[in-house]
1. Could you rank the peptides 368-376, 434-442, 233-241 by their average count of other C-beta atoms within 10 Å per residue, with the highest value first?
2. State the percentage of accessible surface on the stretch 183-371 attributable to carbon and sulfur atoms; use a 1.4 Å probe and exclude ligands, DNA and RNA.
3. Net charge near VAL466, counting Lys/Arg +1 and Asp/Glu -1 over other residues with Cβ under 13 Å of its Cβ?
4. Charges at C-beta only: +1 for Lys and Arg, -1 for Asp and Glu. How large is the resulting dipole of the stretch 391-565 about its Cα centre, in Debye rounded to 20?
5. On a full-extension model of 0.36 nm per residue, what is the gain between ALA427 and GLN561, subtracting their alpha-carbon distance, rounded to one decimal in nm?
6. Going out from 0 in 10 Å bins, what whole percent of all Cα-Cα distances in the stretch 183-371 drops into each bin?
7. Where only protein heavy atoms count, and the probe is 1.4 Å, what is the accessible area per residue for the stretch 356-497 in Å²?
8. Can you pull the semi-axes for the stretch 391-565, root of five times each eigenvalue of the Cα gyration tensor, sorted largest first, whole Å?
Amino acid sequence: MAFLVQHGKSRAVGARKPRHVARIPTKLELRHRQLAARLLPACLLAPVLCICAARLFSVVLPSQLSPGNGVYLAEGNHVISDDAEAAGALSSLQQGSVDDRHRLQEPSAQVPARLGADPVRGSPKLDIEVESSNSKHITDLDNKSGMKGLAISSTNASSPPENSIVSSRQSVTDTEVPKPKSKIYCDDKSKDDGFPYARPIICQMSGDVRVSPESSSVALNTPMLQGEEERRITPYARKDDSLLSLVREVVIRAVANENDAPKCSISHDVPAVIFSVGGYTGNFFHDMSDVLIPLYLTSFQYKGRVKFFITNYKQWWIQKYKPVLRRLSHHDIIDFDSNKDVHCFQHVILGLTRDRDLILRPHPTRNPKGYSMLDFTRFLRHSYGLKRNRPLVLGEQPGKKPRMLIISRRGTRKLLNLRQVAATSRALGFDVIISEARGNLKRFATMVNSCDVLLAVHGAGLTNQVFLPPQAVVVQIVPWGKMDWMATNFYGQPARGMNLRYLEYYVSEKESSLAQRYPRDHLVFKDPMAIHGQGWNALADIFMAQDVKLNIRRFRPTLLQVLDLLQV
């Protein structure tokens with residue numbers, strides 16, 4: 001009984017035990033549970049991010065690649081496009097997140113859509129340059145191989161698939177480039193209003209143009225047109241019968257059969273300008289008026305992307321004006337007289353566009369950019385590194401004297417009492433320098449730029465006024481013989497166009513050396529215009545060959561007038 005009671009108690013106690021005993025998890029199972037807990041939020045967040053990204057691309061891509069906005073190819077810092085505003089917008093997009101922060105802080109700030117800004121002129125008219133073989137396509141020709149490169153169709157580009165940027169680039173690359181329309185245009189208007197000298201002929205050719213220096217010719221391949229008669233051009237920016245023997249002629253012709261055109265050996269992706277440095281070069285006035293200023297007017301618009309071919313090649317001349325030539329063209333100059341290659345271009349200019357001597361004025365065809373002599377002198381100061389852009393104002397710096405440069409001459413029109421003129425000028429308060437315009441041009445240009453006054457007898461030395469700072473004073477001593485027209489048109493008007501202050505001093509018959517050569521009743525004194533009527537040779541032999549000896553008492557008021565001009 002006791003056993004049964006004890007055994008029953010034992011079973012009753014055993015019946016209260018749980019059927020399943022809790023098992024302790026292992027370390028590996030704990031790690032798996034922790035990893036699952038961490039991955040769960042990421043898995044839930046990923047679909048949300050994918051949906052947001054898809055919505056973002058669906059908004060951005062159509063707005064950037066929609067029809068009418070064009071297709072733009074950005075390479076480095078250059079944007080190729082015929083739509084300046086859209087190019088500016090693309091440029092702003094390339095700024096990325098850096099610009100975004102600025103936009104948030106300054107909502108009104110905009111990226112200017114101006115391309116090709118000129119640091120020298122700084123005029124809005126010159127800030128946008130669109131380089132294109134026609135209004136819709138741009139073709140890049142390899143300079144060495146002559147193979148055609150990428151063709152970018154801009155205005156008529158079709159919209160690519162919404163999610164395919166690769167296909168849009170393929171459509172741009174595969175676009176076939178139409179050949180530019182063949183055209184020859186020659187401006188041979190011989191005279192300008194109020195200017196008696198004949199204007200030189202300048203011809204422009206577009207299309208498949210082939211320059212052959214060895215045959216002294218330029219051929220335009222025009223397969224769809226009948227060949228025109230050839231034309232001979234002297235590419236020098238002055239028209240004068242005496243120049244025929246001094247300037248090499250270049251023949252231009254149109255050929256209807258490609259077999260009649262010379263085969264290309266070098267192709268170029270920039271325009272070409274062919275001009276001569278023969279003629280009257282070597283005289284500083286003619287270097288400027290017949291070559292450098294017309295070359296600036298013709299080629300500055302290309303911002304250095306232009307090739308120069310020079311006939312009547314003179315190495316010393318090229319070296320003398322190297323800073324100017326280098327800034328107008330970033331390419332090596334080709335000696336047209338000795339080069340044997342056939343050069344192929346899409347645009348060639350034969351000759352130089354010119355205005356009047358040392359003068360630039362707006363003109364719808366010859367000067368559509370509106371370049372002025374003030375622009376040209378600013379360009380020169382930049383080319384030669386000239387620092388001064390304003391003269392001394394009297395009293396501005398106590399003890400500082402205005403500097404006067406007197407140009408001396410070795411040949412004709414010498415200032416016979418030069419030392420007396422210099423002494424009088426010093427006594428009035430000028431710091432006087434006497435120099436002849438020879439030697440190193442950069443060194444002389446720097447000296448001219450350091451001066452406030454330039455004084456010279458009528459002649460090429462006055463051309464150095466191009467290096468003066470604006471508002472400086474130019475004093476021209478005009479020899480006897482009714483030389484006022486030449487004095488004013490060759491140097492007076494140009495000085496005003498360069499924003500210089502200009503004075504003239506007219507020599508009396510007693511101050512001229514002609515008083516010792518001719519009697520007082522001679523036509524030289526009684527009727528100087530009769531000498532002019534005999535032509536240039538008579539003018540050069542008489543009036544241009546005189547020397548002058550100034551009457552100091554008569555000349556002194558002119559020096560005082562210079563001081564007055566420097567006070568403001």
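The values are calculated or read from the model by the stated rules, or taken from the named source; none is laboratory data. Computed from a prediction, not measured in an experiment: that's the story for all the values here. When we count neighbours, we look across all protein chains shown, and the Cβ atoms used for this are built from the backbone with ideal geometry, even at glycine. These area figures cover heavy atoms from the full protein model, side chains too; ligands, DNA and RNA do not enter into them. Shrake-Rupley method; radii C 1.70, N 1.55, O 1.52, S 1.80 Å.
1. 233-241, 368-376, 434-442
2. 48
3. That sum, taken over residues with Cβ under 13 Å, equals -1.
4. 480
5. Roughly 46.8 nm would be gained on extension.
6. 9, 39, 37, 14, 1
7. Details: 5660 Å² over 142 residues.
On a per-residue basis, 40 Å².
8. Values for the stretch 391-565, descending: 29, 17, 14 Å.
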